[in-house]
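Okay, structure first, notes after.
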Amino acid sequence: MTVRVRIAPSPTGNLHIGTARTAVFNWLFARNQGGTFILRVEDTDTERSRPEYTENIKSGLEWLGMTWDEGPFFQTQRLDQYKAAIQTLLDKGLAYRCYCTPAELDEMREKQKANNQAPRYDNRHRNLTDEERNAFEAEGRTAVIRFKIDDGQQIIWQDLVRGKMSWQGSDLGGDMVIARTPEGDEAFGQPLYNLAVVVDDVDMQISHVIRGEDHIANTAKQILLYEALGAAVPEFAHTPLILNQDGRKLSKRDGVTSVDDFRKMGFTAPALANYMTLLGWTAPDSTQEIFTLDEAAKVFSLERVNKAGAKFDWDKLDWINSQYLHHMPVSELTDLLVPYLEEADLGEYLGDRPWLESLTELVQPSLTRLTDVVAESELLFGNTIELDEKATKQLQTEGVATVLQDVLKAIQETGELDVDGCKAIIKDVTKAHGVKKGLVMKSLRAGLMGKLQGPDLMQSWVLLHQKGWDGDRLTQALGSI
Ligand code: GLU
């Protein structure tokens, strides 16, 4: 079988994490099967669709490394195909015009509610006579097109994730609207989701529909449409929803929804793609958790997608991200860090690439997210420091000033300085003053960095020395005690 799958986002918002995860599963499946991955933009909701969201979706997929083989196709450019399908259904007597007004539909629902019945359309215009139809039109009513759904039938499919699925026709809410007729328009100008999706999936020869389980009820309706249009029904695979810590669907309230949000928070594309792969799928070697999309594609199968909802685990995402950051080539990581440093107004210090890469090397092991670079490195920029309370206290400890004066002298006499050179200075000063090495180190940290915690002292010192900032800082520290 030729595998053809699609991701079909609606451009009514930025690329959503749920859509991105659905894209991951489709992409992995396509690549595993040597198939085709298609991008289709479902933009029929003209009021809420925006070109900038389409751009965001495309750039988000590209950022994550999921290139598409065909498309993007736009539903708004395929209205003729939908109209033709609607006409076919009308001609076959499988669809009809319904003239119910919103007030009539409301009343119907109110009655059903009062009788403790689930709201549904009661199919009242299914068998209108020509006279009745003409009368409604003479009244100026506009029609919608409804597709007939027999209550008595059972819709069964073998879901590739969930196994045998079965729906009763009577649970689908009555004959379904497949198109609206805009005011004053003779034709059915506004195809609705289920119809458009089926027409597209047929035309694009989609072999497998892989999407979130929130579409299960749509699948039942769509299978009826495939059959009505005389088309082959594709395979379906419904993937578990992404849940928050409380077991509810991940939503805006959880603070993040779009892939952009994750990018801004300092997650890298391969780490996020890696994490999304694990959101509902387990590798054949279940101990393996770090892999690129290409590596995952080699072993991906829908059988290993879980039925249960996938809980979003921030700690795990952080851990995966840190793995990528810790193992990334320094030059690549430096490129990724620069925008965050620029945003923190440190742009003026970023011109010296070798120095910047040494700084990257220094902070690399302590990064979990790219954003951490600011906190991890901010003490290393510039020739002035701010002493915090503990550092001030340390500098005021008896004997410290004279020790640091000697260090300062050594700094001023030294040209290039490496970690061994730093160690030698500390050793000499320790010996000369007959103090503990720990005291010298702690005081030096206070004097160079203004704080008692921070990145590796010797390496930091080397970086400061390369810029000539160590002497200035120590002078300033000594002057303030
Ligand atoms: N536009 C739909 C969505 O974004 C697509 C669903 C489907 O894959 O059929 O949820």
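The values are calculated or read from the model by the stated rules, or taken from the named source; none is laboratory data. What you see is a predicted model; the values in this text were computed from it and never measured. Don't worry about glycine lacking a Cβ; one is built from the backbone with ideal geometry, like all the others, and counts go over all protein chains shown. What goes into the accessible areas is simple: the full protein's heavy atoms, side chains included, and nothing from ligands, DNA or RNA. Shrake-Rupley method; radii C 1.70, N 1.55, O 1.52, S 1.80 Å.
Computed quantities for the displayed model
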read-out: Some residue of the stretch 444-451 being within 40 Å of the chain's Cα centre (by Cα) and assigned to a helix (DSSP H, G or I); value: yes
read-out: First in the stretch 347-366 and more than 13 Å from Leu464 (Cα to Cα), second anywhere and open to solvent by less than 20 Å² (accessible area, probe 1.4 Å) and charged (D, E, K, R), Cβ under 9 Å, 6 or more apart; value: none
read-out: Residues within the stretch 425-437 that are outside any loop (DSSP other than H, G, I, E, B) and open to solvent by 50 Å² or more (accessible area, probe 1.4 Å), tallied; value: 6
read-out: Residue selected from the stretch 180-194 under the condition more than 12 Å from the ligand (Cβ to nearest atom) and buried (at least 19 other Cβ atoms within 10 Å of the Cβ), by the criterion modelled with the lowest pLDDT; value: Phe188
read-out: Some residue of the stretch 122-143 being under 39 Å from the mean Cα position of the chain (by Cα) and closer than 28 Å to Asp214 by Cα; value: no
read-out: Residue identified as open to solvent by less than 10 Å² (accessible area, probe 1.4 Å) and either touching a strand residue (DSSP E or B) at 6+ places or on another chain (Cβ under 6 Å) or closer than 28 Å to His125 by Cα (or both) among Val177, Val198; value: Val198
read-out: Residue satisfying condition, being free of Cβ contacts under 8 Å to residues at least 40 places away in the same chain and touching a strand residue (DSSP E or B) at 6+ places or on another chain (Cβ under 9 Å), within set Gln288, Gln222; value: Gln222
read-out: Lone unmet requirement of (1) in contact with a Leu (Cβ under 9 Å, 6 or more places away or on another chain); (2) more than 22 Å from Gly13 (Cα to Cα) for Met276; value: (2)
read-out: Unique residue being polar (S, T, N, Q), open to solvent by 10 Å² or more (accessible area, probe 1.4 Å), within 16 Å of the ligand (Cβ to nearest atom) and more than 24 Å from the chain's Cα centre (by Cα) when the list is Gln205, Gln222; value: Gln205
